[in-house]
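Working notes for the structure below.
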Amino acid sequence: MKSVDTLKEMFQKFPGIGPRQSARFVHFLLNQNTIYRKTIARAILDLENEVDRCQECKRFFYKESNKNLCSICASSSRDSEMLMIVLTDTDISQIEKTSSFNGRYYVLGALTPISNTKTKTSVDFLIDFLKSKKSIPKEIICAMPATPDGDNTVITIKQKIKENFPNEKLKISILGRGLSTGSEIEYADPDTLKNALKNRAEF
């Protein structure tokens, strides 16, 4: 069954999904009616026309016009002197729930592992983004997971910024350790994130 094998392979590309779970997903779909399966297939195809990636912060957003900016980046009320670097779109949603940050965001998309062998990392694309701006923010907040790879990513960001903007006086900070070690931003409750923002430390 080629379609079954293809689906199993596709589901295994989802974060945290292994062969056994992907097989369960396919078995679940096989037991649903045609309308259910067509609704899922149509929703996936509609993503192409309904969702776009913001040319500034790189997060996905629902298209409301021909603009290439999400509502946050298009807002004139946001503080452009503060930039928070997050790992995923979900992190932005969590931070916004706290109503404690009025700056702008940049979605890194991937961590820089300690054993990195890539020629160009997500941090390099961040540097390209900063270079494209007329002026860089006065404070850059690194909201990375409290994990070894997250910490290594922050170190890499700081090194790259110092190398590429040696004459800029800017503050690089991290979220306060109200976030427990090993925790992910997207699973933190609003109060914890609010305290982490309030108690952020210069890195």
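The values are calculated or read from the model by the stated rules, or taken from the named source; none is laboratory data. Please read all numbers here as calculations on a predicted model, not as lab measurements. Note that each Cβ is placed from the backbone with ideal geometry, even for glycine, and that neighbours are counted across all protein chains shown.
For this structure, a couple of remarks:
- Within the range 10-21, considering residues that are surrounded by 11 or more Cβ atoms within 10 Å (Cβ to Cβ) and under 24 Å from the mean Cα position of the chain (by Cα), the one farthest from I44 (Cα to Cα): I17
- Strands (runs of 3 or more DSSP E) enclosed by the range 71-188 - at least 2 residues per element that are at pLDDT 90 or above and hydroxyl-bearing (S, T, Y): 103-107
- Some residue of the range 54-77 being under 15 Å from I157 (Cα atoms) and surrounded by 14 or more Cβ atoms within 10 Å (Cβ to Cβ): no
- Qualifying residue in the range 45-61 (condition: in contact with a Pro (Cβ under 8 Å, 6 or more places away or on another chain) and under 27 Å from E202 (Cα atoms)): no
- When Y106 is tested against the conditions (1) surrounded by fewer than 14 Cβ atoms within 10 Å (Cβ to Cβ); (2) within 24 Å of N199 (Cα to Cα), the lone failure is (1).
- Set E56, E48, E9: member being over 30 Å from I136 (Cα atoms) and either modelled with pLDDT of 95 or more or in contact with a strand residue (DSSP E or B) (Cβ under 8 Å, 6 or more places away or on another chain) (or both): E9
- Under the condition of being basic (K, R) and more than 28 Å from Y62 (Cα to Cα), the residues counted in the range 1-48 number 4.
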